[in-house]
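Contents: one structure, followed by commentary.
The values are calculated or read from the model by the stated rules, or taken from the named source; none is laboratory data. Keep in mind it's a predicted model, so treat the numbers as computed, not measured. As a convention, Cβ positions derive from the backbone with ideal geometry for all residues, glycine included, and neighbour counts pool all protein chains shown. Please note that ligands, DNA and RNA were not included when accessible areas were found on the heavy atoms of the full protein model with its side chains. Shrake-Rupley method; radii C 1.70, N 1.55, O 1.52, S 1.80 Å.
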Amino acid sequence: MLSSIKSLCYVFLFFGFMPLQASSLGGLKFHGNEQPINQRTSYNVFRDESVGFSDYFNIEFNLSLHPTTKIGYIIRIKNKESNRIYNLFYDGQGDNLSFRFNEEGINNLIIANMDKEELLNMPWFKMKISFDLKSDSINLTIHNRMFGTGNEELPDAYYPIIFFGKSDHIIDVPSFAIKDLSIGNKEKYFFALKERAGNIVHDISGKAFGEVSNPEWVINDAYHWRYKASFKSKSVAGANYNPEKKEIYYFNRDSLCIYNVRSGETNTKVFEEECPVELILGTNFIDTNRNKLYAYEVYYDTPYDGPTVASLDLDTYQWTAENSTQLPTQLHHHGSYLNPSTEQYTIFGGFGNMHYSKNFFSYDLDLKEWNKLEGFSGDFISPRYFSSIGYLKNTNSVYIFGGMGNESGEQTVGRKYYYDFYKVDLNKKHVTKLWQLLWEKDNVVPVRGMVILEDSCFYTLCYPEHFTKSFLKLYRFSLKDDSYEILGDSIPIYSDKITTNANLYYDSGLNNLYAVVQEFDDDISSDLKIYSLAFPPITARELINYSRDKSDNRLAVILLSFSLVTGIGYLLFKKLKSKNSANEDDTRNVCIANDKTETTTRSNSIYLFGDFAVRDRSNRDITYMFSAQLKQIFCLILQYSTAEDGITSQRLSNILWPDKPADKVKNSRGVTINHLRKALSELDGIELIYDKGHFKIVQTEEFYCDYTRCLQIISTNKVEEYRDEFLEILTHGKFLQLSDHPLFDSFKEEVEKKLEPVLLLEIEKSFAAELYQVTIDLAEAIFNIDPLNDAALAFLIKAMQRLKMKDKARVRYQAFVIEYKKIMGNDYPHSYKSLS
C-alpha cells in the first residue's frame, strides 16, 4: 500500500511540474495562401463569449512575419451591435512592409509603411490597435511607431468579434504567427497562445475561450527539427552560414548555391572563373566584416603547387587567390574559430597521415599567411580530432569540447573518446581544464561547430560516427560542470565516409538554430541537407508536459496537492474493496485488453497504412495492377492533391524522370498516366483528372482511402469520437511501410508531422481515462513514427501492467532496449523499474 502511494507521488511529481524553459515559448502560426482555402488558419478569439468594452479598448499582440506568403489579412474586427467591420491588410511584396487598416468595403483609414529589413530580422515585434470610443479615434502602433485616424463616429460601447486569419469570405491570409494576445481596457483578456495541440485556445487562467482551425503551434518548432532544403554536388563542395545575410552557402569550384533561411528562396551563382583552390575537403569560413567566404585546404597527398587559400567576394562572386602554403599534414575534422577583432582564423587538432594533431594554426587575413601558435601554459590538451570549438568574445576565450585521439598522437596506439572541456584564455595564452564527463553510454563525437552565447552553457550536435546510419542529437552542456541535457528530436546522418560532416549555427535575429548535414558517398560527390529548430530548444519531457502557463504557480501547487490527496484516497478505497470486486476489475481489464476491432476490407478502397493494397468495386484485391512506378506516381499526385491543387506535369516529370530528355519524358509520362487511369478505372469514386495544367486525384464518398480518412479525422479535432476508426487505420502498420524509395520521404514526413502531436495528446488522454488497450495501440502507432520515443514506452509499460500483462511488458521493454542499442549504439539509460 505504501509503495503504491509512493508511486502515485512520483507520477504526480513527474507530470505535474513543467520545466521553466518551455514556458518562455509559445505562439500560433497561421497557414496562408500557400495552402488550399480549407487548410488556411482561422482564429476566433472569443468564440461564443459575449464581451463588451466602454470608453476604450486595445488589441495587443506580438507578431512574427513569415516569408512564405507576403500578402493578405491579419485581423478582422466586427461589432455585434453594428455592421461596421475593420480589418488589417498586410503587403510585404515591395521595398517596404505596408500595413493598411481599413473600414471593410468602405475606405482605407491608416497606411503604415515600415522598414522591411528591420521587421523581418526580428523574430517578434509588438503590434497594438487602440479604439478610443470617447474621442472617436483609432491608433495603430507597430514596433513603437504610431499611426492614427480620427472622426470615426465610434459607438459608446463596443462588443468585438475578432478573427485572425481566414474569416467568412476573407480568404487571403499571409504567413504569420502571433503570441501574447491581450484585449481590453482596465479589464483585460489575455491569451498567451501556449498550446501544444488541438484547436481550443485557453486564456491565462486555463479557461477554454477561443477556437482555431488548421493551427500550427509554435512550441513544436522548438522540439522537432524542420527539414528546410537539400542540395547536391557531383564534385567536392563546402558549406557555411552567413548570419548577416541569413544565407547558407553550398559551393564547389564552379558555382555557389545560396539558400536564404528567412525567405526560403534559393539562388545559384555560376562563377565566371572557377575557384583557384583545388578542393579536397571543402573546408571554409566566412568573414562577415569583409563580406567574403574563404575556401582553404591545409594539405595535398599528391604534388600540388596551386593556391591553398582563396577568398570569394560575396558581392561580385569573384575569386581571389590568397595563399599557397601547405601545413605539415592533412587535418581531417579539425575544429576552428574566427576572431573578428584580430582578423585571424584559427584551427585546432585534426587527423592525417596516421597522426592526431594537438596544434593550433592561425591564418592572418591581413598578412595572408599561416602561423603555428605556441607558448600556451596550463593544462595539456591531448592530440585529437572531431572536437567542437567555440569562441566567446566577452572573455576573449576559446572553448574546446570532446573528440577522439590519444596522448601520443600516434594512430597505431589506438584511439579513445574524450568528453573533456577546456577554456583557452587568448589574453594570457593559458589553458584550463574545466571538467571531464564520465561517459557511460556508447561513444559519440561532437560536430565542428559549437554555439556558445554566454558564460553558462554551450550547444553542439553529437552522434555515434562509427555507424553507417546514425542520428545527430542536440546537447546543451554547462560551462561550469559536466551536467547536460539532450534537446529536440534527432537528425539522420549517413556517416560512412570520413569526409561526411555536420555543423551547427545560431541566428540571434531569427532566434533559430540551423543544422547543416553534408553526406559523402565517395569522398567526392555530396548531398547537403538543412534543418532548423526554434530557440531555445526543449526536451522531449518539456514538450509532453507543455501546457498553458497559470497566472499563479501557487494554484498549480494547490491543484497538485488536491490531486495527490484524491489519489491516495482512491488507493485507500480500493484497498478496502473485497476480493470479488478486485476480481471483477481484473476480468474487466482483461476484456478491454482483448477487445480488438477486427480489421475488415471494403470495396473501392486504397490502403496506404501498412502494406499498399487496392480493392476494386467487387472487393477483389487488384494490388498487382500497381507496379512500383504506378505506386510512386499515384502517391505523388495524391500528396499534391491534398496539400495543393494538384501537381503540374512539369513538376511530376522533374521528380520521376529527372535525367531524361524532354521528348522521352513526355512519352514516359503519358504511358504511365494511362496505366494509372486504367488501374483506377476498376474502382468507383476515384478519378485522375488533368485540369489547368495540374494532375489531381478526385474522390467521392463511394471511394475509401485510409490516408484521406485519417486526415479527415484529425481535421475534426474530435479524435475521441472516432477513436475506434482512427485506431483501425493506425494498427494496419506504418504509413507506406514497404515503400523505401526517397521519393516517398516528403510524403511520409508530412503525414508523420500531422500524426505525432495528435498521438502524443491522445495517449495521455487514453491513459488518464483508463483505456489501457487504446494506450497500447497508440504507443505502437507512435513507435511507427519514432521507434525510440521515451514517452510512448512509459505509457505502454504502465498500460500493460494495468492489464496484468507484466510478462509482455518486459518483453516489449527488452525489444525497445535492443532497438535503442541498435540505432544509438549505447545502452538505454532508463531501467524497466523506473518506467513501471
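Points worth noting:
Let's see how each residue does on (1) within 30 Å of the chain's Cα centre (by Cα); (2) free of Cβ contacts under 8 Å to residues at least 12 places away in the same chain:
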{"site": "Val45", "(1), (2)": "yes, no"}
{"site": "Ile85", "(1), (2)": "no, no"}
{"site": "Asn107", "(1), (2)": "no, yes"}
{"site": "Pro123", "(1), (2)": "yes, no"}
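- Residues in region 424-440 that are charged (D, E, K, R) and open to solvent by less than 60 Å² (accessible area, probe 1.4 Å): Asp425 only.
- Looking across region 333-359, the residues that are assigned to a strand (DSSP E or B), buried (at least 20 other Cβ atoms within 10 Å of the Cβ) and touching a Leu at 6+ places or on another chain (Cβ under 8 Å) come down to Tyr345, Thr346, Ile347, Phe351, Gly352.
- Breaking point among (1) open to solvent by 20 Å² or more (accessible area, probe 1.4 Å); (2) part of a loop (DSSP other than H, G, I, E, B), for Phe163: (2)
- Residue count for region 672-714 under the criterion of being within 21 Å of Glu752 (Cβ to Cβ), in contact (Cβ under 8 Å) with a residue 12 or more places away in the chain and among the polar types (S, T, N, Q): the result is 1.
- Inclusion of Thr325 among residues that are open to solvent by 60 Å² or more (accessible area, probe 1.4 Å), part of a loop (DSSP other than H, G, I, E, B), of a type in the set (Ser, Thr, Tyr) and over 16 Å from Tyr249 (Cβ atoms) is warranted.
- Val751 being open to solvent by less than 30 Å² (accessible area, probe 1.4 Å) and of a type in the set (Val, Ile, Thr): yes
- Among (1) part of a loop (DSSP other than H, G, I, E, B); (2) modelled with pLDDT under 90, the one test that Leu560 misses: (1)
- Residues that are in contact (Cβ under 8 Å) with a residue 24 or more places away in the chain and either surrounded by 14 or more Cβ atoms within 10 Å (Cβ to Cβ) or assigned to a loop (DSSP other than H, G, I, E, B) (or both) within region 133-156 comprise Leu133, Lys134, Ile138, Leu140, Ile142, His143, Phe147, Gly148, Thr149, Glu152, Pro155, Asp156, listed in sequence order.
- Residues of region 456-481 satisfying the condition of being acidic (Asp, Glu) and either modelled with pLDDT of 90 or more or open to solvent by less than 10 Å² (accessible area, probe 1.4 Å) (or both): Asp481
- Counted residues, region 174-187 - those being part of a strand (DSSP E or B), touching an Asp or Glu at 6+ places or on another chain (Cβ under 9 Å) and more than 14 Å from Phe164 (Cβ to Cβ): 0
- Scanning region 790-820 for residues that are closer than 22 Å to Thr539 by Cβ, free of Cβ contacts under 8 Å to residues at least 60 places away in the same chain and not acidic (Asp, Glu) turns up Ala792, Leu793, Ala794, Phe795, Leu796, Ile797, Lys798, Tyr813, Phe816, Val817, Tyr820.
- All positions within region 360-380 that are over 40 Å from the mean Cα position of the chain (by Cα), hydrophobic (A, V, I, L, M, F, W, C) and open to solvent by 70 Å² or more (accessible area, probe 1.4 Å): Leu367
- Qualifying positions in region 497-523 - surrounded by fewer than 16 Cβ atoms within 10 Å (Cβ to Cβ) and under 19 Å from His333 (Cβ atoms): Lys497, Ile498, Asp521, Asp522, Asp523
- Failed item in (1) touching a residue at least 12 places away in the same chain (Cβ under 8 Å); (2) open to solvent by 30 Å² or more (accessible area, probe 1.4 Å), with Val413 passing the rest: (1)
- Selected residue (only one of Leu743, Leu711 is at pLDDT below 85, open to solvent by 20 Å² or more (accessible area, probe 1.4 Å), farther than 25 Å from Tyr813 by Cα and aliphatic (A, V, I, L, M)): Leu743
- Of the residues making up region 729-787, those that are among the aromatic types (Phe, Trp, Tyr), within 22 Å of the chain's Cα centre (by Cα) and in a helix (DSSP H, G or I) number 3.
- For Ile389, the conditions (1) touching a Ser or Thr at 6+ places or on another chain (Cβ under 7 Å); (2) open to solvent by 50 Å² or more (accessible area, probe 1.4 Å) are fulfilled apart from (2).
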